[in-house]
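The values are calculated or read from the model by the stated rules, or taken from the named source; none is laboratory data. Model, not experiment: these values are computed from the prediction. Positions of Cβ are backbone-derived with ideal geometry, glycine not excepted, and every protein chain shown enters the neighbour counts.
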There are 2 protein chains.
Amino acid sequence: MRTIFYISDGTALTAEAFGRAMLSMFPVKVEHKTIAFVDSVEKAQLAVTKINAAHAASGERPIIFHTFVSLDIKRVITSSEGSCYDFLDYFVEPMSAELGIQAQPKTHRTHGIQENGVRDSYDSRIEAVNYSLANDDGSNIADYDQADIILLGVSRTGKTPTSLYLALHYGIKAANYPITEDDDMENLQLPKVLKHQRHKLFGLTLEPQRLHEIRSKRREGSRYASMQQCRFELQEVEKLYRREAIPFLDSTRFSVEEIAAKILAETNLERHHY
Amino acid sequence: MRTIFYISDGTALTAEAFGRAMLSMFPVKVEHKTIAFVDSVEKAQLAVTKINAAHAASGERPIIFHTFVSLDIKRVITSSEGSCYDFLDYFVEPMSAELGIQAQPKTHRTHGIQENGVRDSYDSRIEAVNYSLANDDGSNIADYDQADIILLGVSRTGKTPTSLYLALHYGIKAANYPITEDDDMENLQLPKVLKHQRHKLFGLTLEPQRLHEIRSKRREGSRYASMQQCRFELQEVEKLYRREAIPFLDSTRFSVEEIAAKILAETNLERHHY
């Protein structure tokens, strides 16, 4: 199997994003390896040893996605037996011409926090994470005035991971509120605490079969996990969303990244982090 | 100010990563806008209207980072007044030659969950998030056998956001355990529950000034937030890390992305998600 290396003098997150997008175009099975913080020629030589060893072991040329500020370090990597790709190669010059300024490469600018103003944006992101944790699963409803968004849904429809992703990735204060049997499912009304927050509500739902699978992993054979119960709860909660004009999303086929991006696309939520 | 657009038929996360990395090379202030899920010619025309309006408003040509599977939609975007960059343009052909297979562009492959096997990797990532939440802040210590890593540190040194990031981004089951005054700071020992988990421990620390600032936001003027107390706690916990040979990191200058990447680089933690 071919080995893919993501190598950088920083976190390698950019090289990973670039490589993952490239590889998504090709139906090929590969093994992934990240070598981050390669910030000296010695470390680069060590990386080259690993690249060449992977080549020798599989007989297939490894593919290298890399981003480096230092040309000296970059040269060591491109001297390896791997097939090397640096997406900055083709774009820095046209971009420089368009902006009318010279590039000033600097390590750790992409995912770092040392730039002017970036510390504030970073702190507000961490504050959002703390907020979302404190407002997970209907706890702490006193703080809903501060919420940027409140996710609604029955148990196990993805509210918690979505809230945390919105907070971590975008700095959005996302609370979430579970609709449970205490809310009288037979005659489901919008819970009182949410009535004044209607404009912040966003519903999540799933296909009954998927919810049944997820709940069965948690409590196999229970009434809670039964197809009948899952179907009933989802049907009632979707009726509620429609009646109250709460925007909602069936997340069955989406990852947490996609759910979060869709919520941003469908609401006017302001991102506090780019 | 120049407007930067990130546009895609999917989440636009790849376009954002590409654009952010490009822009990090240039010291320039810009405004960011994302238009995700542009999956029809009509939506693309709407995006073009926004691009051209931004041009008219600022007098500066917007910069567009885009990724599209459909050439028809892409053509609409590149017909706008913006300066357009698609990083796939330059790389698909050489990559295709290297792999010996044709590209098979497909929407939602990068951040989707519909591919074979991807659902399992995705589910294990969500399981890791649930694990990290249940094992936040020293709760639920009975489950430490299942942990991939246990983060240690005094209050407000970044344990929780780091655990959640490790879980969400890499599918790593990250627990965290707070060192508090209950642990007898004057004579700090490794807490008993951690003795059998020593190989999983990773410490976090901060500069006293930074911890003082963070704690002051929470409880201004308290003993807990005082410089003296912060300095004392950090000094004692660092002594503990050294004595017990626990790897640790001063996270003062790092973002949660960088902390997580550094932990991966310094341990042999296996990622469950790429």
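Summary table
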{"item": "Residue in segment B:168-188 that is modelled with the highest pLDDT, counting only those that are acidic (D, E) and assigned to a helix (DSSP H, G or I)", "result": "B:E186"}
{"item": "Members of segment B:153-176 found to be surrounded by fewer than 24 Cβ atoms within 10 Å (Cβ to Cβ) and either without any contact (Cβ under 8 Å) to a residue 40 or more places away in the chain or not assigned by TED's automatic domain parsing to the domain that holds B:V193 (or both), listed by number", "result": "B:T160"}
{"item": "Residue within segment A:24-39 that is assigned to a helix (DSSP H, G or I) and either in contact with a Cys (Cβ under 6 Å, 6 or more places away or on another chain) or more than 9 Å from every other protein chain (Cβ to nearest Cβ) (or both) present", "result": "no"}
{"item": "Residues of segment A:18-40 classified as surrounded by fewer than 24 Cβ atoms within 10 Å (Cβ to Cβ), closer than 17 Å to B:A260 by Cα and hydrophobic (A, V, I, L, M, F, W, C), total", "result": "3"}
{"item": "Filter result for B:A265 (of a type outside the set (S, T, Y), crowded, with 20+ Cβ neighbours inside 10 Å and in contact with a Phe, Trp or Tyr (Cβ under 8 Å, 6 or more places away or on another chain))", "result": "no"}
{"item": "Filtered residues of segment B:189-219 (kept if in a loop (DSSP other than H, G, I, E, B) and either under 19 Å from B:T162 (Cα atoms) or modelled with pLDDT of 95 or more (or both))", "result": "B:L206, B:E207"}
{"item": "Sole residue being touching a strand residue (DSSP E or B) at 6+ places or on another chain (Cβ under 6 Å), more than 22 Å from B:A44 (Cβ to Cβ) and free of Cβ contacts under 8 Å to residues at least 60 places away in the same chain, chosen from B:E98, B:E93", "result": "B:E98"}
{"item": "Residue, surrounded by the fewest Cβ atoms within 10 Å (Cβ to Cβ), within segment B:1-17, restricted to residues that are free of Cβ contacts under 8 Å to residues at least 60 places away in the same chain and assigned to a helix (DSSP H, G or I)", "result": "B:E16"}
{"item": "From the options B:I7, B:I73, residue that is among the β-branched types (V, I, T) and more than 12 Å from chain A (Cβ to nearest Cβ)", "result": "B:I73"}
{"item": "Residue that is surrounded by the most Cβ atoms within 10 Å (Cβ to Cβ), among those in segment A:46-64 that are more than 9 Å from chain B (Cβ to nearest Cβ) and outside any helix (DSSP H, G or I)", "result": "A:I64"}
{"item": "Selected residue (criterion: nearest to the other protein chains (Cβ to nearest Cβ)) from residues of segment A:148-166 that are within 17 Å of A:V237 (Cβ to Cβ) and part of a loop (DSSP other than H, G, I, E, B)", "result": "A:G158"}
{"item": "Residue list for segment B:65-77, restricted to those being surrounded by 17 or more Cβ atoms within 10 Å (Cβ to Cβ) and in a helix (DSSP H, G or I)", "result": "B:I73, B:K74, B:V76, B:I77"}
{"item": "Subset of segment B:220-274 (residues that are assigned to a helix (DSSP H, G or I) and of a type in the set (V, I, T))", "result": "B:V237, B:V256, B:I259, B:I263"}
{"item": "Segment B:132-147: number of residues that are in a helix (DSSP H, G or I) and more than 12 Å from chain A (Cβ to nearest Cβ)", "result": "7"}
{"item": "Residue among B:A54, B:A47 that is in contact with a helix residue (DSSP H, G or I) (Cβ under 7 Å, 6 or more places away or on another chain) and not assigned by TED's automatic domain parsing to the domain that holds B:H169", "result": "B:A47"}
{"item": "Of residues in segment B:110-125 being out of contact with any Leu (no Cβ under 9 Å at 6 or more places or on another chain) and either at pLDDT 80 or above or at the interface with another protein chain (Cβ under 7 Å from one of its Cβ atoms) (or both), the one surrounded by the fewest Cβ atoms within 10 Å (Cβ to Cβ)", "result": "B:Q114"}
{"item": "Residue check, B:K43 surrounded by 18 or more Cβ atoms within 10 Å (Cβ to Cβ), among the charged types (D, E, K, R) and over 23 Å from the mean Cα position of the chain (by Cα)", "result": "no"}
{"item": "Close pairs (7 angstrom Cβ cut-off, 6 or more residues apart or separate chains): over 13 Å from B:L166 (Cβ atoms) in segment B:126-147, among the aliphatic types (A, V, I, L, M) and buried (at least 16 other Cβ atoms within 10 Å of the Cβ) anywhere", "result": "B:Y144/B:I150; B:Y144/B:A175"}
{"item": "Close pairs from segment B:248-274: first more than 17 Å from A:Y122 (Cα to Cα) and away from chain A (no Cβ under 11 Å), partner in a loop (DSSP other than H, G, I, E, B) and small (G, A, S), Cβ under 9 Å, at least 6 apart", "result": "B:H272/B:G171"}
{"item": "Neighbours by Cβ (under 6 Å, 6+ apart or cross-chain): first from segment B:57-68, under 15 Å from B:H32 (Cβ atoms); second of a type in the set (K, R)", "result": "B:E60/B:R2"}
{"item": "Flag if A:V69 is among the β-branched types (V, I, T), within 24 Å of the chain's Cα centre (by Cα) and closer than 23 Å to B:Y90 by Cβ", "result": "no"}
